[in-house]
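Colleague: Let me give you the structure first, and then I'll get to my questions.
The values are calculated or read from the model by the stated rules, or taken from the named source; none is laboratory data. Quick caveat, the model's predicted, so the values are computed rather than measured. In this analysis, Cβ positions are derived from the backbone assuming ideal geometry, glycine residues included, and neighbour counts consider all displayed protein chains. Note: accessible area is taken over every heavy atom of the protein model, side chains too, but ligands, DNA and RNA are not part of it. Shrake-Rupley method; radii C 1.70, N 1.55, O 1.52, S 1.80 Å.
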Amino acid sequence: QKVDREIESAAQKGYRHLELQTKFGEMAQVIRSINKVFKRTRELALKFPDEAGLPVLEKKFEDAEEILSRLLSSHPDGIAILNEGYQIIKVNPSFQKYAGFHADPSAPQNMLDIIEDPHFLRNLTHSLGQAAQGGTVSEEVMLHNENFHLSVTGSLTPNHEIEFYILNLKQVS
């Protein structure tokens, strides 16, 4: 119902439903596609024996997790992926640098607990709340006396529940 209200509200403002999809929504689709392809590849590879008659090892195939990590670490924008409880699933070095924190990959951390800048925390909390209805929220934020563009996208499951959030923090020249 919340998604339907957002679509209605956007339609009243002149936006069409298809225009609401952003590059971050497309990124979510790419992530899902990569995961599906690699899962199917691993399943098929394990069915075929190698030359010695032993099953093909999964290690021969790159994991979708590794590909996602490489994509995120090479991206110049700050990108973070959070679960529905705002815990960090993935975060790249640029996001950590811009937001001024260091994430511990061994322990799940709530993004809202490690952000120290109160102004950025307020903007991020507001954006996450808006994106929880499934869509993208964009705002300009100030971090360390520099301007940034913050985009937060909430990816919904078919049951209209949040699957994950994608945060994009881009420095504005």
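Colleague: Open to solvent by 70 Å² or more (accessible area, probe 1.4 Å), closer than 16 Å to residue 79 by Cβ and polar (S, T, N, Q), is that true of residue 171? Please lay out each step first, then the result.
Modeller: Values: open to solvent by 70 Å² or more (accessible area, probe 1.4 Å): yes; closer than 16 Å to residue 79 by Cβ: yes; polar (S, T, N, Q): yes.
Judged against the criteria, residue 171 is a match.
Colleague: Do we find a residue being of a type in the set (Asp, Glu), closer than 27 Å to residue 9 by Cβ and modelled with pLDDT under 90 anywhere in the stretch 156-165? First the steps, then the outcome.
Modeller: Applying the first criterion (of a type in the set (Asp, Glu)) to the stretch 156-165 yields 161, 163.
Then keep just the ones that are closer than 27 Å to residue 9 by Cβ; that gives 161, 163.
Checking the rest, the ones that are also modelled with pLDDT under 90 come to 161, 163.
The answer is yes, given that some residue of the stretch 156-165 is of a type in the set (Asp, Glu), closer than 27 Å to residue 9 by Cβ and modelled with pLDDT under 90.
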